[in-house]
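To start, the structure itself, in structure tokens.
The values are calculated or read from the model by the stated rules, or taken from the named source; none is laboratory data. Computed from a predicted structure; not experimentally measured. Note that we place each Cβ from the backbone using ideal geometry, even for glycine, and neighbour counts take in every protein chain shown.
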Amino acid sequence: MFPLPQREPTAPTAPSGSTSSQDMDSGYGDALHGECLRKPDWKQPKLYGVGDPMAMFSSDSSCLSSRGRVIKWFWDSAEEGYRTYHMDEYDEEKNPSGIINLGTSENKLCFDLLSRRLTKSDMLHMEPSLLQYPDWRGHLFLREEVARFLSFYCKSPVPLKPENVVVLNGCASLFSALATVLCEAGEALLIPTPYYGAITQHVYLYGNVRLAYVYLDSKVTGLNTRPFQLTVEKLEMALRGVNSEGVKVKGLILINPQNPLGDIYSPEELQEFLGFAMRHQLHVIMDEVYMLSVFEESLGYRSVLSLERLPDPQRTHVMWATSKDFGMSGLRFGILYTENQHVATAVASLCRYHGLSGLVQYQMAQLLRDHDWISQVYLPENHARLKAAHTYVSEELRALGIPFVSRGAGFFIWVDLRKYLRQGTFEEEVLLWRRFLDNKVLLSFGKAFECKEPGWFRIVFSDKENRLCLGMQRVRQVLEGHSQVVEDASPRHTQDPSAGPCEQATALQAAEVPMTQTYRATED
Amino acid sequence: MVEAPRSLAAERIASTKAPGWHHAGSGQGSAKEPVGCGKARLGIINLGTSENKLCFDLLSRRLTKSDMLHMEPSLLQYPDWRGHLFLREEVARFLSFYCKSPVPLKPENVVVLNGCASLFSALATVLCEAGEALLIPTPYYGAITQHVYLYGNVRLAYVYLDSKVTGLNTRPFQLTVEKLEMALRGVNSEGVKVKGLILINPQNPLGDIYSPEELQEFLGFAMRHQLHVIMDEVYMLSVFEESLGYRSVLSLERLPDPQRTHVMWATSKDFGMSGLRFGILYTENQHVATAVASLCRYHGLSGLVQYQMAQLLRDHDWISQVYLPENHARLKAAHTYVSEELRALGIPFVSRGAGFFIWVDLRKYLRQGTFEEEVLLWRRFLDNKVLLSFGKAFECKEPGWFRIVFSDKENRLCLGMQRVRQVLEGHSQVVEDASPRHTQDPSAGPCEQATALQAAEVPMTQTYRATED
């Protein structure tokens with residue numbers, strides 16, 4: 001996560017969280033529990049904005065180029081936020097009073113299954129071609145396997161083709177490459193907010209491409225049947241607004257399942273959004289990195305590759321990776337699927353800088369072709385564990401009377417803590433975030449997702465029960481202490497963090513081999 | 001989108017028209033026939049890609065040992081983008097030992113990523129504004145053009161060297177401070193800002209090395225002009241002629257400008273693993289290291305590969321007692337074979353005992369001293385099923401130089417040199433249609449014996465990306 005201390009985007013927005021004087025009692029629909037605070041509104045806020053990644057940039061003189069200084073500044077900004085965490089990471093045995101990380105979106109629930117599969121003997125293999133310069137699109141044997149895998153798991157109407165596949169070392173690299181080959185420096189990609197903030201850097205650091213925000217809000221109205229619902233009308237309005245500011249938009253980024261909302265787009269919605277893009281000749285970058293992490297079957301998730309017909313196949317580019325769905329953010333394996341050979345080739349040309357080890361390519365092919373293991377061992381168990389963890393955290397939230405958004409996909413819950421802010425500002429949001437951190441639990445605050453309403457937080461639940469227990473306990477302590485907060489906001493450490501139900505969970509997990517876990521708490 | 005410069009090398013790589021390149025560049029399961037085994041002797045012999053194919057047996061054995069398959073949670077989770085600390089510590093130890101640094105090198109000065117191509121891209125981006133330039137002596141390996149340009153929009157400013165040996169030039173293509181000074185002045189006068197100097201040591205394509213004295217002079221030049229120095233030492237362990245006395249810049253007692261001296265290395269060449277994608281940056285400048293690390297998110301290495309590389313680099317016993325001696329012996333033998341063939345043909349060449357290639361002077365075989373003729377000769381080789389690299393791809397200013405890579409099995413070298421000889425000997429009686437001179441029996445003679453000896457090997461389809469690296 002990048003807790004970038006960004007100032008407000010270029011257009012002024014309403015000072016408070018809500019956007020109209022409409023009645024808020026209806027809540028957020030079936031996914032949300034609890035009441036929301038009603039705040040009056042004064043003026044119609046902007047529904048779009050153009051990102052300025054360098055808004056808070058300040059440079060120290062060095063021998064770097066100007067863009068080198070910016071690139072370094074992004075690193076330093078993140079470091080500032082996570083130095084605290086990395087120096088005091090929770091460990092059941094070595095550091096029980098360390099910080100519990102509920103901020104990084106990583107699935108830590110299935111290391112046992114993955115470890116077993118990745119250390120099977122079929123994973124250690126050597127042949128000359130794996131050690132030699134590869135086709136930068138990726139070895140053919142892997143691209144064939146990817147095509148087969150996607151055809152099966154995305155339920156494509158016709159078999160997908162290896163020649164439309166490019167493999168590389170992760171979706172961050174793919175964002176970088178796509179932004180560079182689709183946009184001129186300074187142009188923009190449309191993206192609905194809230195979104196996971198690291199995309200800002202992915203398109204900017206090399207590509208110099210900006211994001212143009214389609215601001216969504218939590219209010220459920222006639223138009224908005226769900227909180228933070230994207231509609232074509234909002235896309236149209238945002239595009240018009242961004243164009244009117246002289247910024248050229250080349251594409252639209254859609255994330256499905258969504259991060260941080262944990263929601264999905266229906267096939268009908270997908271067709272509408274793709275239709276919007278086609279009308280304006282925008283490329284669509286479909287990020288489906290959580291496509292196998294839909295643990296609520298009834299949601300009826302559909303990949304864009306499952307649609308019978310795409311409005312504009314030459315401008316529809318799908319990305320996926322093993323990072324989330326297979327709990328391997330550190331393995332670095334991502335793919336692009338597109339029928340547009342110009343785009344595929346241009347991306348492949350850059351893939352020399354995003355290259356994958358031949359050994360990893362081989363292992364990924366082994367993994368992806370093992371449909372038996374995936375469908376009968378891994379996915380059922382993974383979904384069951386995700387569901388249980390999700391249930392646990394959502395019940396804790398309900399018990400606390402905290403509204404939240406989550407529909408059964410992804411690793412996180414989007415939590416409404418607006419009532420805990422003394423004022424509806426992002427400064428207050430950060431203060432609350434620090435109070436959590438002082439109490440040794442790391443969450444992600446909404447501003448990092450460019451949420452326009454202060455007070456929303458993302459809680460990641462894809463971790464072991466004892467850690468969730470401890471983490472939620474610490475969250476509760478801050479929130480309950482908040483009503484009696486004193487000015488010095490002193491940390492409220494529990495003297496015995498393992499008292500009560502968390503102690504049992506911790507003891508049960510003590511049998512596990514304690515590993516030092518190095519989290520890079522990145523917003524992915 | 002800014003177009004990449006269409007150098008001949010870039011056009012060649014992108015082109016699918018030239019039949020040779022369709023084979024070499026195609027990823028479509030290599031319609032190429034397996035080369036050098038009994039079935040299809042008419043496939044193209046690749047003497048163009050700088051890869052060391054001589055030690056697959058040793059590497060295969062080491063990389064499939066059980067200590068290479070290991071799993072722990074941190075390897076599957078988001079890493080520090082500078083690289084796992086355990087690996088950076090191992091890299092620091094490795095470099096300290098094999099570069100013979102005067103003091104132990106530090107892990108905090110190390111950044112790891114997926115290869116030196118990525119490192120060129122990142123360094124160019126963080127050191128230069130778009131449109132600025134990096135000085136580089138020619139001939140150099142042409143892919144660096146793309147590495148600094150595709151993302152970074154940085155250009156190369158050439159310091160042209162020529163083959164003439166004179167009072168100043170004691171060796172062909174010799175770099176001197178005077179030439180650097182003149183080139184810098186000239187480039188500046190054209191309004192182009194130069195931010196750094198790229199030095200490759202050992203050199204590609206020359207197969208030569210800079211002495212420690214020369215290194216100090218060049219680094220001093222850079223310091224005087226406040227230029228960053230990017231030291232590419234990717235062939236540092238591939239010096240098979242011991243008497244050369246190669247010295248890494250990290251072995252120098254004192255650097256003129258440590259804050260602007262950045263060293264790159266990778267396992268691609270020295271450990272024959274171009275496909276593994278593992279490279280490192282060593283610099284004392286924390287601003288540069290941090291900025292590069294920030295971009296390393298896009299050049300990330302799998303945690304599993306990081307673990308394996310640490311295992312490899314820490315195994316000094318295997319490296320020093322098994323791998324390096326055998327590797328050097330094989331490189332030397334292959335080099336000897338090809339250079340003797342060249343001598344027998346009366347062909348001058350430059351090579352001093354480092355790297356995988358010989359820089360060959362074929363100027364007398366050009367009807368005219370032009371790059372068009374050079375390409376025609378290159379095509380005649382390709383039509384006769386042997387792939388070399390032509391000098392223009394290295395920005396050599398004298399037409400007629402070719403690079404021959406010798407780091408491959410003997411039967412292939414034999415066959416390849418035979419095909420080269422056929423073209424050159426046919427050339428003196430060349431007819432206007434330049435028809436290909438396929439030998440009817442390519443395995444006649446000594447190559448046949450070598451081929452039979454190697455027939456026991458499992459024929460692997462080798463997908464060569466004939467990249468100029």
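So, A:R418, is that one within 28 Å of A:G98 (Cα to Cα), surrounded by fewer than 23 Cβ atoms within 10 Å (Cβ to Cβ), of a type in the set (D, E, K, R) and not assigned by the TED database to the domain that holds A:N256 or not? So that I can check it myself, show each step before the final result.
Details: within 28 Å of A:G98 (Cα to Cα): yes; surrounded by fewer than 23 Cβ atoms within 10 Å (Cβ to Cβ): no; of a type in the set (D, E, K, R): yes; not assigned by the TED database to the domain that holds A:N256: yes.
Here the answer is no, as A:R418 does not meet what is asked.
Taking residues in region B:287-305 that are over 12 Å from B:N114 (Cβ atoms), and partners anywhere that are small (G, A, S), the pairs with Cβ atoms closer than 6 Å and at least 6 places apart or on different chains are B:H287/A:S62; B:A291/A:G68; B:V292/B:A122; B:G303/A:G330.
Please state which one of B:G186, B:G220, B:G131, B:G196 is of a type outside the set (S, T, Y) and in contact with a His (Cβ under 7 Å, 6 or more places away or on another chain). Write out each step before concluding.
Working: B:G186 fails: in contact with a His (Cβ under 7 Å, 6 or more places away or on another chain); B:G220 fails: in contact with a His (Cβ under 7 Å, 6 or more places away or on another chain); B:G131 fails: in contact with a His (Cβ under 7 Å, 6 or more places away or on another chain).
Within the list B:G186, B:G220, B:G131, B:G196, the selection yields B:G196.
Here region A:209-223 is the region considered, the condition is being among the hydroxyl-bearing types (S, T, Y) and assigned to a loop (DSSP other than H, G, I, E, B), and the residue that is farthest from the other protein chains (Cβ to nearest Cβ) is A:T221. Counting only residues that are under 23 Å from B:Y160 (Cβ atoms) and buried (at least 21 other Cβ atoms within 10 Å of the Cβ), region B:351-397 holds 20 of them. Test B:G300 against the criterion of being within 25 Å of B:F218 (Cα to Cα) and buried (at least 24 other Cβ atoms within 10 Å of the Cβ), and give yes or no. No: the conditions fail for B:G300. Looking only at region B:228-257, residues that are in contact with a helix residue (DSSP H, G or I) (Cβ under 6 Å, 6 or more places away or on another chain), part of a loop (DSSP other than H, G, I, E, B) and not aromatic (F, W, Y) come to 6 in all. One residue stands out in region A:29-78 among those that are among the basic types (K, R) and modelled with pLDDT under 90: the one that is nearest to B:V148 (Cα to Cα), namely A:K46.
Restricting attention to region B:147-171, which residues are closer than 17 Å to B:D232 by Cβ and within 14 Å of another protein chain (Cβ to nearest Cβ)? I'd like the intermediate steps shown before the answer.
Looking only at region B:147-171, we keep the residues that are closer than 17 Å to B:D232 by Cβ, and these are B:147-149, B:152, B:154, B:156-159, B:161.
Matches in region B:147-171: B:H147, B:V148, B:Y149, B:G152, B:V154.
If only residues of region A:308-342 that are within 11 Å of another protein chain (Cβ to nearest Cβ) and over 21 Å from A:F141 (Cβ atoms) are counted, the one that is modelled with the highest pLDDT is A:H342.
Looking at A:L397, is it in a helix (DSSP H, G or I), away from chain B (no Cβ under 14 Å), over 28 Å from B:Y151 (Cβ atoms) and in contact with a Lys or Arg (Cβ under 8 Å, 6 or more places away or on another chain)?
Working: in a helix (DSSP H, G or I): yes; away from chain B (no Cβ under 14 Å): yes; over 28 Å from B:Y151 (Cβ atoms): yes; in contact with a Lys or Arg (Cβ under 8 Å, 6 or more places away or on another chain): no.
Against the criterion (in a helix (DSSP H, G or I), away from chain B (no Cβ under 14 Å), over 28 Å from B:Y151 (Cβ atoms) and in contact with a Lys or Arg (Cβ under 8 Å, 6 or more places away or on another chain)), A:L397 does not qualify.
Would you pick out the residues in region A:434-455 that are in contact with a Leu (Cβ under 7 Å, 6 or more places away or on another chain) and closer than 17 Å to A:L397 by Cα? Spell out how you get there, then give the answer.
Going through region A:434-455, the residues in contact with a Leu (Cβ under 7 Å, 6 or more places away or on another chain) turn out to be A:436, A:441-443, A:448, A:454-455.
A:F436, A:V441, A:L442, A:L443, A:G455, listed by residue number.
Residue-by-condition table, conditions (1) among the acidic types (D, E); (2) within 17 Å of A:E339 (Cα to Cα); (3) not assigned by the TED database to the domain that holds A:E465:
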{"residue": "A:T104", "(1), (2), (3)": "no, no, no"}
{"residue": "A:T119", "(1), (2), (3)": "no, no, yes"}
{"residue": "A:Y133", "(1), (2), (3)": "no, no, yes"}
{"residue": "A:R137", "(1), (2), (3)": "no, yes, yes"}
{"residue": "A:L142", "(1), (2), (3)": "no, no, yes"}
{"residue": "A:A147", "(1), (2), (3)": "no, yes, yes"}
{"residue": "A:S151", "(1), (2), (3)": "no, yes, yes"}
{"residue": "A:S156", "(1), (2), (3)": "no, yes, yes"}
{"residue": "A:P159", "(1), (2), (3)": "no, yes, yes"}
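Restricting region B:137-171 to residues that are out of contact with any strand residue (DSSP E or B) (no Cβ under 9 Å at 6 or more places or on another chain) and among the polar types (S, T, N, Q) leaves a set whose member that is surrounded by the most Cβ atoms within 10 Å (Cβ to Cβ) is B:Q146.
Each residue in region B:265-284 was checked for being away from chain A (no Cβ under 11 Å), buried (at least 22 other Cβ atoms within 10 Å of the Cβ) and within 19 Å of B:G207 (Cβ to Cβ), and 3 of them qualify.
I'd like to check something: does region A:371-392 contain any residue that is assigned to a helix (DSSP H, G or I), acidic (D, E) and touching a residue at least 40 places away in the same chain (Cβ under 8 Å)? Full working, then the answer.
Restricting attention to region A:371-392, the residues satisfying the condition of being assigned to a helix (DSSP H, G or I) are A:371-392.
With the extra rule that they be acidic (D, E), the set shrinks to A:372, A:381.
Subset that is touching a residue at least 40 places away in the same chain (Cβ under 8 Å): A:381.
Looking for residues that are assigned to a helix (DSSP H, G or I), acidic (D, E) and touching a residue at least 40 places away in the same chain (Cβ under 8 Å), one finds at least one in region A:371-392, hence yes.
With the structure loaded, tell me whether A:F404 is under 22 Å from the mean Cα position of the chain (by Cα), closer than 26 Å to A:M87 by Cα and at pLDDT 95 or above or whether it fails that test. So A:F404 fails the test.
Restricting attention to region B:103-111, does a residue exist that is at pLDDT 95 or above and within 14 Å of chain A (Cβ to nearest Cβ)?
yes
Return the residues of region B:54-70 that are touching a residue at least 40 places away in the same chain (Cβ under 8 Å) and at the interface with chain A (Cβ under 7 Å from one of its Cβ atoms); say none if nothing qualifies.
So the first thing to find is which residues in region B:54-70 are touching a residue at least 40 places away in the same chain (Cβ under 8 Å), and the list is B:54-56, B:58-59, B:62-63, B:67-68, B:70.
Listed by number, the residues that qualify are B:F56, B:L59, B:L63, B:M68.
Looking only at residues that are aliphatic (A, V, I, L, M) and either more than 7 Å from every other protein chain (Cβ to nearest Cβ) or within 20 Å of B:A266 (Cβ to Cβ) (or both) in region A:137-146, which one is nearest to the chain's Cα centre (by Cα)? I'd like the intermediate steps shown before the answer.
At the first step, the residues of region A:137-146 found to be aliphatic (A, V, I, L, M) are A:140, A:142, A:146.
Narrowing further to those that are either more than 7 Å from every other protein chain (Cβ to nearest Cβ) or within 20 Å of B:A266 (Cβ to Cβ) (or both): A:142, A:146.
Details: A:L142: 26, A:V146: 23 Å.
Looking at the filtered set, the residue picked out is A:V146.
With a requirement of 3 or more residues that are free of Cβ contacts under 8 Å to residues at least 60 places away in the same chain, the helices (runs of 4 or more DSSP H) lying completely within region B:106-208 that satisfy it span B:144-149, B:177-189. Inside region A:116-136, can you point out the residues that are facing chain B (nearest Cβ under 7 Å) and surrounded by fewer than 16 Cβ atoms within 10 Å (Cβ to Cβ)? If the condition is that a residue be facing chain B (nearest Cβ under 7 Å) and surrounded by fewer than 16 Cβ atoms within 10 Å (Cβ to Cβ), then A:T119, A:E127 are the ones that fit.
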